[in-house]
1. What FRET efficiency comes out for the pair Phe270/Arg150, r = Cβ-Cβ distance, R0 = 35 Å, nearest 0.05?
2. What ranking, highest mean first, results for peptides 27-34, 278-285, 62-69 when packing means the other Cβ atoms within 10 Å averaged over each residue?
3. Is the stretch 106-194 best put as rounded, prolate or oblate by its Cα gyration tensor, with a ≥ b ≥ c the root eigenvalues, rounded for a/c under 1.5, and otherwise prolate when a/b is larger than b/c, oblate when not?
4. Tabulate in residue order the Karplus-calculated ³J(HN,Hα) for the stretch 72-85, using 6.51 cos²θ - 1.76 cosθ + 1.60 with θ = phi - 60°, rounded to whole Hz; enter x for Gly and Pro.
5. For the stretch 49-64, in order, what is each residue's ³J(HN,Hα) by Karplus, 6.51 cos²θ - 1.76 cosθ + 1.60 with θ = phi - 60°, in whole Hz (x at glycine and Pro)?
6. In a solvent-free Debye calculation with one equal scatterer on each Cα, what is log10 I(q)/I(0) for the stretch 120-161 at q = 0.16, 0.20, 0.23, 0.35 Å⁻¹, listed in the order of the q values?
7. Using a 1.4 Å probe on the protein heavy atoms, what percent of the accessible area of the stretch 1-80 belongs to carbon and sulfur?
8. In terms of the Cα gyration tensor, with a ≥ b ≥ c the square roots of its eigenvalues, is the stretch 1-60 rounded because a/c is under 1.5, prolate because a/b exceeds b/c, or oblate?
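The values are calculated or read from the model by the stated rules, or taken from the named source; none is laboratory data. This one's a predicted model, so the numbers in the text were calculated from it and none came from an experiment. Here the Cβ positions follow ideal geometry from the backbone for every residue, glycine too, while neighbour counts run over all protein chains shown. These area figures cover heavy atoms from the full protein model, side chains too; ligands, DNA and RNA do not enter into them. Shrake-Rupley method; radii C 1.70, N 1.55, O 1.52, S 1.80 Å.
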Amino acid sequence: IYTLDNPKRLIVEFNSMSFAGLQPEAFIRSRSITDLRAGDLKLGWSRMVFDLAHAMKVKSAGVRIAPDTSQAELLIELIKTDDQTFANLVKPQTHQPKITSTQPNQGRDDKFVIVLDPGHGGIDPGAVVGDVHEADLMLSIARETRDILRKSDGVVVHLTRDSDVFVSLEDRISHAHAVSADLFISLHADIVTDGQALGTTVYTLSELASDEATEKLALRHDRGEILFGVDLSGADDEVSGILIDLARLETTPRSNDLAHSVIDAVLMEFGKVNSRPIRYANFSVLKAPDIPSILVEAGFMSSKQDLENLTSPEWRTRFSRALVAGILDWYLSDAALAPLRRQ
């Protein structure tokens, strides 16, 4: 749920649903709502657009589920506000889902190919607290996220591993290039030994760690050599560096936009994230220069609250749904910008 200006509108988006039986006149009897439109977006999303007569903001929103019939009732309470407050609340243009006919991957049946990378596995369990292994938790989240994403038209999802097996860093990156991935998301839930950390964080690539704690995390993830997925055989170091930098001119801002989109979705779902949710690190799995990539720390197993969340199937389902919302929100926005990017 968000607002847009010029003209003033309230936007409500859903996973794919039918609007059969919708009666716009029931809504526009209000003096605050002048018109209503509803229809399908791409990738399994649907949208309702309410035209507002004046500036309004969402006071509360939620869904009630009838225990006997499972019928859902969506309740949105709007209150009047001034134009300046409304303008400040308008969703940033860089993160708006857009309806567009321009898709990445044209020439590959317009498929949106995502690689989910559940961290660790096999002989490398990742962080361990008691009998809880990071590798197992991340595989669970990856599978659930995959299953939700597959309900969206035009989305293809691959996992770098679908069982408790070891996959080298080289193979994780190679897999993404082998399937011509449009997106690479590595999933983790680490432990910090110095200080305290809790809540979801998202990392994008930086040659220098953003702080000492981030640097230590990066060292723990860097366990192998890096494959860039670019054929640089015969090219000297200077040429190779230039080609890689050129590729990153596109992917770096796209990765940053993706990080913000995911954090926005998690914040909307849970109401809180890490105090510094967007960070930068030199993680090996983020170094393919031609694929937008992020590393998501779903939480920190060193935090009692995060560990309770991560081991809760209900919480993991909610997190997977938020992750999907962030991915698809970014994809629609990114697709709209595709014609403007250097080919």
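1. For R0 = 35 Å, the calculated efficiency reads 0.90.
2. Ranking, from highest mean packing down: 278-285, 27-34, 62-69.
3. Here the stretch 106-194 falls in the prolate category.
4. 9, 10, 8, 10, 10, 9, 10, 10, 5, 8, 8, 4, 5, 4
5. 10, 9, 7, 9, 6, 7, 5, 9, 9, 7, 7, 7, 7, x, 10, 9
6. -0.48, -0.64, -0.75, -1.17
7. It is 49 percent, rounded to a whole number.
8. The shape class here is oblate.
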